[in-house]
Amino acid sequence: MTDRRVTSACIVGGGTAGWMTAAALANRLAGLGVRVRLIESEEIGTVGVGEATLPHIRAFNATLGIAEPELMRATEATYKLGIEFCDWGRIGDRYIHPFGNYGPEEDGIPFYHQWLRLRAMGDAGRLDDYSYPVIAAEQNRFRHPASEPGRVESSFGYAYQFDASLYAAFLRRYAETRGVERIEGKVVDVALDGEGGFVRDVTLADGRTIGAELFIDCSGFRGLLIEGALQSGYDDWSRWLPCDRAVAVPTESRGPLGPYTRATARTAGWQWRIPLQHRVGNGHVYCSDFISDDEAERQLVDHLDAPMQANPRRLRFTTGRRRDFWKRNVVAIGLASGFLEPLESTSIHLIQDGITELLALFPDRDFAAEDIDEYNRRMALHFERVRDFLLLHYVATERDDSPMWRHFRALTLPDSLAHKIDTWRTRGYVVPYQFGLFLPPSWVAVMLGQRLMPGAYDPRVEMIAPDALAAQAAALRAEVAGAVQATPDHADYIRRSPAAAGLAA
Ligand SMILES: Cc1cc2nc3c(=O)[nH]c(=O)nc-3n(C[C@H](O)[C@H](O)[C@H](O)COP(=O)(O)OP(=O)(O)OC[C@H]3O[C@@H](n4cnc5c(N)ncnc54)[C@H](O)[C@@H]3O)c2cc1C
């Protein structure tokens, strides 16, 4: 059998996507004789945002053998227990979407059905009071999950809020130590071979040409290879996710260090607040149909809670995805593959999905069409599931106080989301996806957090006597409250751990 293994890969772009890909290839293909090179241009730079992550990033780092304290020190990271959503269901509302469940299941029935029944019995308590990560986040406390199953302190996951450019630099050191060759230069031309239309090589501004069998396009929104050279096409999802601009600014750290990201709905978009050890990241994501750039920047600046550390920076994007994430010998990862706006911090996760699927279907030099189709099918599902979940935030609302919110009222939803909402409305059932990043507890958090109440609860909870149900719920609330009381302050926890970097003692 002839050896058809890929022996050379070239990553174009050195942002978070490029260096995550480089680190993963260096780690997972070590010993297979694949030469990995990465081209990046300091002159062009990176998008420079992307500070909030999801818990899955811990698995990515663990696979690379990266120790958490080292990562936290190198990236000025804080812990993240979830996202606080303010003013989404109604102005004045707030809820936290935690990385964890609410209460334990009983006989396979999720706990929120018990809460719905308690509510129907007249109990006005919050579902949040049954969630350890929500209460810990509200009180700015953090500890690592307990390992003993059954304790409320083991009922959650966590992620990081970090400086994304420091994360890319950290992964660059990791990848270069493991043999990835970095090439500084600006790609000015892409050459295709005559027959198959595969990318043969790229030419840099100084005249060098870099050839490879496999190219990974991590060049950001421009999609230099996947779009510029191969015209993959772009599915524009602005009709569902119309936010197309952002203005970002860092501020000084002031006040308690929240182990959560905040997303506050505004009239034409929403504002983020992401606390790191050394600063707070802020930004306003908005829809240019409904607000001017200057007004969006003014809204952001007016709502900052500390002095700015730099001038606000403006960004533009179009939500959607590449039609082909992988075409011929080019795989697009990161912003080159698509972008769905930063609500719920999914973009770095989609990079991780792209890398995982690429490693699972890593090609040989024949680039089998079946493998490419499967990659594209899987990535399309990852993107669609995330799209639906993001859109849920805009449509599960009573808000109609501005043109943007009224736009969402009149929107025709993707069938997949409409089905999910319809099924929820009748009896509180969350249709589980076979694929998909967000599991039912996340859907429950947003739907109940934004007042999308189901018409009924699972009738099987009526097998529990009302007194027993109330007593059981009270005991769980007390357990959560007690466990949170015993949880350290988030800032103290980081300061006392080997992860401390920027936090003053
Ligand atoms: C407003 C906003 C907020 C966001 N917030 C979050 C968040 O909280 N969480 C999250 O997960 N994600 C977030 N994201 C997404 C996140 O920023 C990106 O997924 C992440 O930074 C990866 O970007 P990238 O590496 O694909 O592209 P980029 O950072 O743009 O990197 C592109 C690279 O390609 C190089 N390049 C481009 N053209 C050439 C050329 N001609 N020659 C050589 N090199 C070239 C550049 O120099 C650069 O190195 C956010 C995005 C936006 C727009």
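Here are a few things to note about the model shown:
- The listed residues are 50, 65, 33, 18, and the only one of them that is within 11 Å of the ligand (Cβ to nearest atom) and either surrounded by fewer than 22 Cβ atoms within 10 Å (Cβ to Cβ) or modelled with pLDDT of 95 or more (or both) turns out to be 18.
- Helices (runs of 4 or more DSSP H) enclosed by region 7-79 - at least 1 residues per element that are of a type in the set (Phe, Trp, Tyr): 16-28, 56-64
- Filtered by the rule that a residue be closer than 15 Å to residue 337 by Cα and without any contact (Cβ under 8 Å) to a residue 12 or more places away in the chain, region 9-54 gives no residues.
- Count of residues meeting criterion [among the β-branched types (Val, Ile, Thr) and within 10 Å of the ligand (Cβ to nearest atom)] in region 323-346: 2
- Of residues in region 68-100 being touching a Lys or Arg at 6+ places or on another chain (Cβ under 9 Å) and of a type in the set (Val, Ile, Thr), the one surrounded by the fewest Cβ atoms within 10 Å (Cβ to Cβ): 91
- Residue list for region 36-47, filter: open to solvent by 30 Å² or more (accessible area, probe 1.4 Å) and over 28 Å from residue 285 (Cβ atoms): 37
For every residue, the table says whether it meets (1) more than 16 Å from the ligand (Cβ to nearest atom); (2) of a type in the set (Asp, Glu); (3) assigned to a helix (DSSP H, G or I); (4) out of contact with any Cys (no Cβ under 7 Å at 6 or more places or on another chain).
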site: 321; (1), (2), (3), (4): no, no, no, yes
site: 348; (1), (2), (3), (4): no, no, yes, yes
site: 352; (1), (2), (3), (4): no, no, yes, yes
site: 358; (1), (2), (3), (4): no, no, yes, yes
site: 367; (1), (2), (3), (4): yes, no, no, yes
site: 378; (1), (2), (3), (4): yes, no, yes, yes
site: 381; (1), (2), (3), (4): yes, no, yes, yes
site: 384; (1), (2), (3), (4): yes, yes, yes, yes
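- When residues in region 308-321 are screened for being over 18 Å from the mean Cα position of the chain (by Cα) and buried (at least 17 other Cβ atoms within 10 Å of the Cβ), 1 of them pass.
- Boolean, residue 379 is at pLDDT 95 or above, more than 18 Å from residue 95 (Cα to Cα), among the hydrophobic types (A, V, I, L, M, F, W, C) and crowded, with 20+ Cβ neighbours inside 10 Å: yes
- Identity of the residue in region 295-307, in contact with a Pro (Cβ under 8 Å, 6 or more places away or on another chain) and open to solvent by 10 Å² or more (accessible area, probe 1.4 Å), that ends up farthest from the ligand (Cβ to nearest atom): 301
- Subset of region 245-288 [closer than 28 Å to residue 402 by Cα, more than 16 Å from the chain's Cα centre (by Cα) and of a type in the set (Lys, Arg)]: 245, 266
- If you go through region 213-246 and pick out every residue that is open to solvent by 50 Å² or more (accessible area, probe 1.4 Å) and closer than 21 Å to residue 342 by Cβ, you end up with 5.
- Restricting region 176-200 to residues that are within 16 Å of the ligand (Cβ to nearest atom) and over 18 Å from residue 227 (Cβ atoms), the residue that is surrounded by the fewest Cβ atoms within 10 Å (Cβ to Cβ): 184
Results for (1) touching a Gly at 6+ places or on another chain (Cβ under 6 Å); (2) assigned by TED's automatic domain parsing to the domain that holds residue 342; (3) open to solvent by 10 Å² or more (accessible area, probe 1.4 Å); (4) acidic (Asp, Glu), shown as yes or no for each residue.
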{"residue": "132", "(1), (2), (3), (4)": "no, no, no, no"}
{"residue": "135", "(1), (2), (3), (4)": "no, no, yes, no"}
{"residue": "141", "(1), (2), (3), (4)": "no, no, yes, no"}
{"residue": "145", "(1), (2), (3), (4)": "no, no, yes, no"}
{"residue": "152", "(1), (2), (3), (4)": "no, no, yes, no"}
{"residue": "169", "(1), (2), (3), (4)": "no, yes, yes, no"}
{"residue": "172", "(1), (2), (3), (4)": "no, yes, yes, no"}
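- The combined condition, being surrounded by fewer than 16 Cβ atoms within 10 Å (Cβ to Cβ), within 13 Å of the ligand (Cβ to nearest atom) and not charged (D, E, K, R), is fulfilled by residue 205.
- Strands (runs of 3 or more DSSP E) (entirely within region 220-294) containing at least 3 residues that are away from the ligand (no atom under 14 Å from the Cβ) and modelled with pLDDT of 95 or more: 234-236
The values are calculated or read from the model by the stated rules, or taken from the named source; none is laboratory data. Not measured: the values here are computed from a predicted model. Glycine also receives a Cβ, built like all others from the backbone with ideal geometry; neighbour counts cover every protein chain displayed. Only protein heavy atoms, including side chains, enter the accessible area calculation; ligands, DNA and RNA are left aside. Shrake-Rupley method; radii C 1.70, N 1.55, O 1.52, S 1.80 Å.
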